[in-house]
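**Student:** Starting off with a structure, shown below.
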Number of protein chains: 2
Amino acid sequence: MNRDILIRYFSSILPIPAERAAFFADQFVPMEFLKNDFLLKENKISKATFVLEAGYIRSYTFDNNGVEVTTNIFSAPCFVNDFLSFFKQKPTSENYQCLTPCKIWTMSYENVQNCFHNYPEFRELGRMMLVTNYSILHERMLGMIKDSAENRYLKLLSKHPEIFQNIPLKIIASYLGITDTSLSRIRKEIAVN
Amino acid sequence: MNRDILIRYFSSILPIPAERAAFFADQFVPMEFLKNDFLLKENKISKATFVLEAGYIRSYTFDNNGVEVTTNIFSAPCFVNDFLSFFKQKPTSENYQCLTPCKIWTMSYENVQNCFHNYPEFRELGRMMLVTNYSILHERMLGMIKDSAENRYLKLLSKHPEIFQNIPLKIIASYLGITDTSLSRIRKEIAVN
DNA sequence: GATTCTACTTGCCATTTGACAAGAAATTAA
DNA sequence: TTAATTTCTTGTCAAATGGCAAGTAGAATC
């Protein structure tokens, strides 16, 4: 695993001295996960925060008919966090599962709290991470209101083409809020034109 | 305006000593807004955070065809914040407008930063506010994927019935991601049964 | 009180999306 | 390699939602 990726990722979120970024990176423990491994299961409390160095993860839950719904797709490098469960130490309602083998850096809740307490820059990093994720979710929400399914597909395709090379379409369809059938038709329609 | 509402609201987000909650409340300046007044306009940078004591506010933007889209509805008491604009001091893409006369407590960006720096509990309050708002948005997102328009309507109706007494249906429809025509039909259908 | 404006409803028809089922293609397991 | 499983596509039909326009009701303005 590559610690430099972690350091660069921190610096991209918030400009901080390289030395400090390296110190923060040292707080994380590297782990390797296999495909289908779970980082967190529903009804459990998130005890750690994760940074995905390589691989793909999704979170999912179930709709009223018991059908799996993909709530999020994580493409490296990024934080993987159930904010509600982690920061309020409450059980989550979602499952976080590796879609591919993953390289993941983890940091315990206690250590995060400790660094929040002692390092203003770490607090700032945490806040920026929250704000950034909020605004990504906000954009996705706007897309659900403003855009057609086809446009949502095209936006995701242009922003994260790598996802389509690595994740089954039916999971992407669910994430886009449509059925795999519809996504298949949308792709067909676009291919024709 | 009623400072106690502010204090109680803070305490509901995070258990803190009453004295400290009162001190935080003192950092906020009371203001009265008229119907249709703007708290923040698109392309401007949010210079203050707001707590809505009484009244209704919405945020809106425009879709690709120039049609207004309501992105959020704020029902007192609650924080009213453009997180991205406020915390990153970047221009917002949305308009925040009063739908009724409003009683609003404001606190400047500088003062917020100062309190973040000096008061751990204030930081914690800010983080909880962010986390809470993230999870509300997350739930709304899930609803857009999992629920039919009718179910989204019913959920909003049961959770915030007061909104339907105070805000035009066409704005609520837009917030739910449907047209006012569709909402009208959904309501009719429900009324029949 | 009359006028204007806005919100809401409704009818008609088109489009999008879903449900279900069958089959093809690709991947995984034996 | 073969078999089993999963993913993806496609057909048919139904349901949900939208676009547009007309008409009604209610609120705001003069």
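The values are calculated or read from the model by the stated rules, or taken from the named source; none is laboratory data. Only a predicted model underlies this, so the values are computations on that prediction, with no experimental measurement involved. Every residue, glycine among them, receives a Cβ derived from its backbone with ideal geometry; neighbour counts consider all protein chains shown. What goes into the accessible areas is simple: the full protein's heavy atoms, side chains included, and nothing from ligands, DNA or RNA. Shrake-Rupley method; radii C 1.70, N 1.55, O 1.52, S 1.80 Å.
**Student:** Over the Cα atoms of segment A:27-134, what Rg and Dmax result, in angstrom?
**Tutor:** 13.9, 46
**Student:** For a quick check: with amide H placed at 1.01 Å from N, whose amide H comes under 5 Å from B:Glu53's, ignoring anything fewer than 5 positions away on the same chain?
**Tutor:** B:Lys103, B:Ile104, B:Trp105
**Student:** Would you work out which of A:Val80, A:Pro101, A:Gln113 lies farthest towards the positive end of the dipole of segment A:15-145? Charges go on Cβ: Lys and Arg +1, Asp and Glu -1.
**Tutor:** Among A:Val80, A:Pro101, A:Gln113, the one farthest towards the positive end of the dipole of segment A:15-145 is A:Gln113.
**Student:** What does the charge dipole of segment A:3-146 about its Cα centre add up to, to the nearest 20 debye, if the Cβ of each Lys and Arg holds +1 and the Cβ of each Asp and Glu holds -1? List each step's numbers first, then the result.
**Tutor:** On the way: 15 positive and 15 negative charges, 36 e Å.
It comes to approximately 180 debye.
**Student:** Work out from phi, with θ = phi - 60° and the Karplus expression 6.51 cos²θ - 1.76 cosθ + 1.60, the ³J(HN,Hα) of each residue of segment A:50-58, listed in order in whole Hz, and give x for Gly and Pro.
**Tutor:** Computed from phi, the couplings for segment A:50-58 are 10, 10, 8, 8, 8, x, 10, 10, 10 Hz.
**Student:** Here's another thing I want to ask about it. Decide, for chain A, between rounded, prolate and oblate: order the square roots of the alpha carbon gyration tensor eigenvalues as a ≥ b ≥ c, take rounded if a/c falls under 1.5, and otherwise choose prolate if a/b is larger than b/c, else oblate. Mind showing how you got there, number by number?
**Tutor:** Details: a/c = 1.94, a/b = 1.68, b/c = 1.15.
Note, shape of chain A comes out prolate.
**Student:** Let me ask something additional. Once amide H atoms are built 1.01 Å from N in the peptide plane, which residues 5 or more positions from B:Thr71, or in another chain, come under 5 Å H to H?
**Tutor:** B:Ser59, B:Tyr60, B:Thr61
**Student:** When only Cα pairs under 8 Å and 6 or more residues apart are kept, what is the percent relative contact order across chain B? Intermediate results must be reported in sequence, preceding the final value.
**Tutor:** Details: 276 pairs, mean separation 45.2, N = 193.
Answer for chain B is 23 percent.
**Student:** Taking the Cα centre of segment A:21-100 as the origin, how large is its charge dipole in debye, to the nearest 20, when only Lys and Arg (+1) and Asp and Glu (-1) carry charge on their Cβ atoms? Can you show the working numbers first?
**Tutor:** Working: 7 positive and 9 negative charges, 44 e Å.
In total the dipole reaches around 200 debye.
**Student:** How far apart are the B:His117 label points across copies, placing each 7 Å from Cα toward Cβ, in nm, shortest first?
**Tutor:** Going from nearest to farthest copy, the values are 2.3 nm.
**Student:** Rank these residues by their accessible area, most exposed first, probe 1.4 Å: A:His138, A:His117.
**Tutor:** Correct descending sequence by accessible area is A:His117, A:His138.
**Student:** With r defined as the distance between the Cβ atoms of A:Ile45 and A:Met1 and R0 fixed at 41 Å, what FRET efficiency is calculated, to the nearest 0.05? Display every interim value, and only then the final one.
**Tutor:** Values: r = 26 Å, r/R0 = 0.64.
Here the calculated transfer efficiency is 0.95.
**Student:** Given label points at 7 Å from Cα along Cα→Cβ, what nm distances, shortest first, separate A:Lys188 from the same residue in every other copy?
**Tutor:** Going from nearest to farthest copy, the values are 3.4 nm.
**Student:** HN-Hα J couplings of segment B:108-125 from phi, Karplus 6.51/-1.76/1.60, θ = phi - 60°, integer Hz, Gly and Pro as x?
**Tutor:** 6, 4, 4, 5, 4, 4, 4, 5, 4, 5, 9, 10, x, 5, 5, 4, 4, 4
**Student:** Moving on to the next point. With labels modelled as points extended 7 Å from the Cα through the Cβ direction, what inter-label distance (nm, one decimal) is found for B:Gln89 paired with A:Ala54?
**Tutor:** Here the modelled spin labels are 3.9 nm apart.
**Student:** Using only protein heavy atoms and a 1.4 Å probe, how much accessible area in total is buried between B and A, to the nearest 100 Å²?
**Tutor:** Working: alone 11010 and 11000 Å², together 18520 Å².
That pair hides around 3500 Å² of surface in total.
**Student:** Let me ask something additional. From the square roots a ≥ b ≥ c of the eigenvalues of the alpha-carbon gyration tensor of the protein assembly as shown, which class results: rounded (a/c under 1.5), prolate (a/b over b/c), or oblate? It would help to have the intermediate numbers written out before the result.
**Tutor:** On the way: a/c = 1.75, a/b = 1.05, b/c = 1.67.
Oblate shape, in that a/c is at least 1.5 and b/c is the bigger or equal ratio.
**Student:** Shifting gears a bit: Just to be sure I follow the rule: in segment A:1-147, considering lysines 8 or more places apart or on different chains, how many pairs have Cα atoms under 29 Å apart?
**Tutor:** Lysine pairs satisfying the spacing and distance rule in segment A:1-147 number 16.
**Student:** For A:Ser12, A:Ser174, give the ranking by accessible area with the largest first, probe 1.4 Å. Kindly include the intermediate steps, with their values, before the conclusion.
**Tutor:** Working: A:Ser12 85, A:Ser174 20 Å².
Reading off the accessible areas and sorting them downward yields A:Ser12, A:Ser174.
**Student:** If we hang a label 7 Å off Cα along the beta carbon direction at B:Pro17, how far is it from the matching labels on the other copies, in nm, shortest first?
**Tutor:** Counterpart label points of B:Pro17 in the remaining copies fall at 3.4 nm.
**Student:** Next question, about the same structure. Between A:Thr100 and B:Lys170, what FRET efficiency follows from the Cβ-Cβ distance if R0 is 51 Å, with the result rounded to 0.05? Intermediate values should be presented prior to the final figure.
**Tutor:** On the way: r = 45 Å, r/R0 = 0.88.
So, using R0 = 51 Å, E works out to roughly 0.70.
**Student:** Along the Cα→Cβ direction, 7 angstrom out, place labels at A:Leu154 and A:Asn64. What is the inter-label distance in nm?
**Tutor:** 3.2 nm
**Student:** With springs connecting C-alpha atoms under 10 Å apart, model chain B as a Gaussian network and identify which of B:Gly126, B:Gly66, B:Gly177 has the largest mean-square fluctuation.
**Tutor:** Result: B:Gly66 has the largest fluctuation of those listed.
**Student:** Note down the magnitude of the dipole of the protein assembly as shown about its Cα centre, charges +1 on Lys and Arg C-beta and -1 on Asp and Glu C-beta and zero elsewhere, to the nearest 20 debye. Please report the intermediate quantities before stating the final value.
**Tutor:** Working: 44 positive and 40 negative charges, 98 e Å.
Rounded to the nearest 20 debye, it is 480 debye.
**Student:** Convert each backbone phi in segment A:79-91 into a coupling constant with the Karplus relation 6.51 cos²θ - 1.76 cosθ + 1.60 (shift: θ = phi - 60°), then list the ³J(HN,Hα) values in order as whole Hz, x for Gly and Pro.
**Tutor:** Each residue of segment A:79-91 in turn: 6, 10, 8, 9, 4, 4, 5, 5, 7, 9, 6, 10, x Hz.
**Student:** Under 5 Å between amide H atoms, partner at least 5 residues away or on a different chain: which partners does B:Leu99 have, H built in plane at 1.01 Å?
**Tutor:** B:Asn36, B:Tyr56, B:Ile57, B:Arg58
**Student:** Something else about it: So for the pair A:Arg20, B:Ala22, with labels modelled 7 Å out along Cα→Cβ, what separation do we get in nm?
**Tutor:** 3.6 nm
**Student:** What's the carbon and sulfur percent of segment B:89-169's accessible surface, probe 1.4 angstrom, rounded to a whole number? All intermediate terms of the calculation are to be shown ahead of the outcome.
**Tutor:** Details: 1900 of 3510 Å².
On segment B:89-169, the fraction of accessible area on carbon and sulfur atoms equals 54 percent.
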